[in-house]
Amino acid sequence: MTYPTQPKASHFINGKYVEDTDGAVIDVIYPASGEKIAQVHSATPAVIEFALSSARQAQGAWAAMTGTERGRILRRAADIMRERNHDLSVLETYDTGKPYQETSVVDATSGADALEYFGGMAATLTGEHIQLGEDWVYTRREPLGVCVGIGAWNYPTQIASWKGAPALACGNTMVFKPSETTPLCALKVAEILHEAGAPAGVYNVIQGLGDVGAALVTDDRVDKVSLTGSVPTGRKVYAAAAAGIKHVTMELGGKSPMIVFDDADVENAVSGAILGNFYSSGQVCSNGTRVFVQKGIKEAFLTRLAERLKDAVIGDPQDPATSFGPMVSERQLGIVEGYIAKGKEEGARLVYGGARLPQDGFYIEPCVFADVTDDMTIAREEIFGPVMAVLDFDDEDEVMARANATEFGLAAGVFTRDLTRAHRVAAGFQAGTCYINTYNDAPVEAPFGGSKQSGVGRENSKAAIAHYSQLKSVYVRMGDVEAPF
Ligand code: NDP
């Protein structure tokens, strides 16, 4: 079978596809079949040099354009992305294995939202005037320069757009390195941006493993690094960026709590738990994988959950009827199987699924453990797969202490009909992104990001502008200058 997935070349630099076959081969594997569907080459030093020098060279002229002009290009790119949503979604499904049912509504669409939102904002980015008697200060909001974006493999189109859109809106240029597991979609983002009118060198994509990312992060020409990845990688990249005093955004992993109180609407709580554990086969950073259920509602919750899970349609992810696809890779599947074995070994009660499916591709059933305790490995470590841990609790103080007893702080959710408790609990969560009676919504208008070990900085919303620009203060004296001698 042939797939429409082989890109024209491995990299997109200075407005064009670029190939250098001296780079190590990276096979692109379709998670639903295990077949090789494309091949790209890792960036050689020459490719890295070309990308960085192109981004550096393009930056001055890009920043000199008015915000209105830059914004118009981003909004045109958003339109193109929406027009091509079907083809981009099919490609995202080949790249990641996520069902078309998902990719057609959350990947290119969310990328387009970011391009439209920050495109609309580009013309509004201003400094302020601060009057000081007759003197005054004005501030200029200026770009940082060249930004490096490094992506994880779960949302390749979205990550490339969420980083690119605010960076470009502020007058920066970008070199983006996708995960080597999903190298295809970011190339399309670059292609679309340039088709929409972005000058050559403004948005570049190069392929490679961690070593290519590391070469980018340590280069003197780079002013900012935005990483979406795991906490261990975040530590390394943050340290490397710190050596050059570079700006950073770190969107890292989590082990987020979801709390279901006795008075919750069971159906909505089950929906939230399904969204927060099994969407994208559980490969979502903000997932609420520690589901604390108050004892009075536990049996009703588990019964409805098991009934609803039987409705999951597991199969060909390109079929719009499929609602649950494979894991992204054999490796990730192995990691998930290891955690499931550990859960059983440590005494958690398997109440649903968890078996690898006897077919091609990297399929595993959604998995639910009940009677999980805080000390179990599956309650402490990020699994990044479809494994839900259900933990019991008695009262609010107890559950809040347990929910916050983690090094992570990406997200947290609460299901309750008690209005004041909902807001009290949200205020008490040590997490950057919280939900009341819902889970995992991520609109571009709202800040997204983590606290504690889950990250630094925020993506999306007006808050992202502060992370892709810097303020210059200009003091203006209207009278004479007094000096001591
Ligand atoms: P990794 O941390 O393994 O990799 C992230 C990216 O960093 C990849 O492109 C990787 O390259 C690159 N990289 C690895 N080492 C280095 C290095 N030393 N210097 C520079 N770059 C490097 O994450 P995964 O791709 O496995 O993604 C899963 C993780 O991402 C999970 O922990 C998840 O929670 C997190 N995530 C966080 C999100 C958020 O917004 N907070 C959203 C999505 C995922 P390569 O893989 O090619 O080697």
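Please treat every number below as a calculation from the coordinates, not as lab data. Just so it is clear, the model here is predicted, and its values are computed rather than measured. Using ideal geometry, Cβ is built from the backbone for each residue, glycine included, and neighbour counts are taken over all protein chains shown.
Relative to the longest principal axis of the chain, what angle (0 to 90°, nearest 10) does the C-alpha long axis of helix 108-121 take?
Helix 108-121 sits at roughly 40 degrees to that axis.
Which entries in the list LYS36/LYS462; LYS36/LYS188; LYS36/LYS342; LYS8/LYS246; LYS98/LYS295; LYS188/LYS310 go over 29 Å, if you measure between the two C-alpha atoms of each?
Long pairs (Cα-Cα over 29 Å): LYS36/LYS462; LYS36/LYS342; LYS8/LYS246; LYS98/LYS295; LYS188/LYS310.
FRET efficiency for ASP319 and TYR17, Cβ-Cβ distance as r, R0 = 25 Å, nearest 0.05?
Using R0 = 25 Å, I get an efficiency of 0.20.
Compute the acute angle (0 to 90°) between the alpha-carbon long axis of helix 419-428 and the principal axis of greatest extent of the alpha-carbon atoms of the chain; round to the nearest 10°.
60
Restricting to Cα pairs below 8 Å that are 6+ residues apart, what does the relative contact order work out to for the range 250-339? Please round to a whole percent.
29
For the range 1-149, what class follows from the C-alpha gyration tensor (a ≥ b ≥ c being the square roots of its eigenvalues): rounded when a/c is under 1.5, otherwise prolate if a/b is larger than b/c, else oblate?
It comes out oblate by the Cα gyration axes.
What order do you get for TRP136, TRP62 when you list them from fewest to most C-beta neighbours inside 10 Å?
Lowest to highest Cβ neighbour count: TRP136, TRP62.
For VAL351, what residues show an amide H to amide H distance below 5 Å, using hydrogens built from the backbone and excluding near sequence neighbours?
It is VAL368, PHE369, ALA370, by chain and number.
5 Å is the cut-off here: which amide hydrogens, built 1.01 Å from N in the peptide plane, fall below it relative to VAL225, excluding neighbours closer than 5 in sequence?
Long-range HN contacts for VAL225: VAL148, HIS247, VAL248, THR249.
How many nm is it between the label spots at THR438 and ASP418, if each spot is 7 Å from the Cα in line with the beta carbon?
Inter-label distance under the simple model: 2.3 nm.
Hey, what does the equivalent ellipsoid look like for the chain, semi-axes from the Cα gyration tensor as sqrt of 5 times each eigenvalue, largest first, whole Å?
Listed largest to smallest, the semi-axes of the chain are 39, 30, 19 Å.
Sum up the charges of everything whose Cβ sits under 11 Å from the Cβ of ALA370, counting Lys and Arg as +1 and Asp and Glu as -1, but leave ALA370 out.
Result for the local shell: -1.
Percent relative contact order of the chain, based on C-alpha pairs within less than 8 angstrom and at least six residues apart?
Answer for the chain is 18 percent.
Efficiency by 1/(1 + (r/R0)^6): what FRET value for ASP374 and GLU195, r their Cβ-Cβ distance, R0 = 51 Å, to the nearest 0.05?
In this case the efficiency is close to 0.50.
How compact is the range 243-323 by the rule of thumb for globular proteins, expressed as Cα Rg over 2.2 N^0.38 Å?
1.43
Given a cut-off of under 8 Å on Cα pairs at least six residues apart, what relative contact order in percent is computed for the range 126-171?
The normalised contact order for the range 126-171 reaches 30 percent.
So how strong a dipole does the chain carry about its Cα centre when Lys and Arg Cβ are +1 and Asp and Glu Cβ are -1, to the nearest 20 debye?
800
Going Cα to Cα from LYS16, which aspartates and glutamates come in below 19 Å? Please leave out same-chain ones fewer than 8 positions away.
Here the aspartates and glutamates satisfying the reach criterion relative to LYS16 are GLU49, GLU191, GLU195.
Using a/c under 1.5 as the rounded threshold, could you call the range 343-485 rounded, prolate or oblate? The axes a ≥ b ≥ c are square roots of the C-alpha gyration tensor eigenvalues, and prolate needs a/b larger than b/c, oblate otherwise.
Since a/c reaches 1.5 and a/b is larger than b/c, the shape of the range 343-485 is classed as prolate.
Arrange the following residues from fewest to most other Cβ atoms within 10 Å of their Cβ: LYS177, LYS452, LYS295, LYS224.
Numbers: LYS177 31, LYS452 17, LYS295 11, LYS224 25.
The order, fewest Cβ neighbours first, is LYS295, LYS452, LYS224, LYS177.
Dimensions of the range 1-57 along principal axes (Cα, Å, largest first)?
42, 20, 16
Determine one quarter of the surface area of the Cα convex hull of the range 184-232, which equals its mean projected area, and express it in nm² to one decimal. Don't skip to the answer; put the middle values down first.
On the way: hull surface 17.5 nm².
The number I arrive at for the range 184-232 is 4.4 nm².
With just the Cα atoms defining each centre, how far is the range 92-118 from the range 299-331? Give it in Å.
19
Using the Cβ atoms and a cut-off under 13 Å, what net charge is assigned to the surroundings of GLY254, where Lys and Arg are +1 and Asp and Glu are -1?
Surrounding charge for GLY254 is 0.
How much mean residue ellipticity at 222 nm does the chain get from its helices, if each DSSP H run of length 4 or more adds -39500 (n - 2.57) and you divide by all residues, to the nearest 500 deg cm²/dmol?
Per the formula, -11500 deg cm²/dmol.
Can you give the angle from 0 to 90° between the axis of helix 266-278 and the longest principal axis of the chain, with both taken from C-alpha atoms, to the nearest 10?
Taking the Cα atoms of the chain, the angle to 266-278 is about 60 degrees.
Put a dot 7 Å past each Cα toward the Cβ at ALA355 and GLU407; how far apart are the dots in nm?
Spacing of the two 7 Å Cα→Cβ label points: 3.6 nm.
Given H placed on each backbone N at 1.01 Å, which residues far from PHE415 in sequence or on other chains put an amide H within less than 5 Å of it?
The list, which skips near neighbours in sequence, is ILE259, VAL260, PHE261, ASN437.
For ARG221, project a label point 7 Å along Cα to C-beta. Then give me every residue of the range 48-84 with its amide nitrogen under 12 Å of that point.
Answer for the range 48-84: 48-60.
With a ≥ b ≥ c the root eigenvalues of the C-alpha gyration tensor of the range 151-291, is it rounded (a/c under 1.5), prolate (a/b larger than b/c) or oblate?
prolate
With the Cα gyration tensor of the range 279-414 in hand, convert its eigenvalues to equivalent ellipsoid semi-axes via √(5λ) and list them largest first in whole Å. Numbers along the way, then the final one.
On the way: eigenvalues 132, 54, 40 Å².
Semi-axes, largest first: 26, 16, 14 Å.
Which ordering of LEU275, LEU115 is given by a fewest-first count of other beta-carbon atoms within 10 Å?
Ascending number of Cβ neighbours within 10 Å: LEU275, LEU115.
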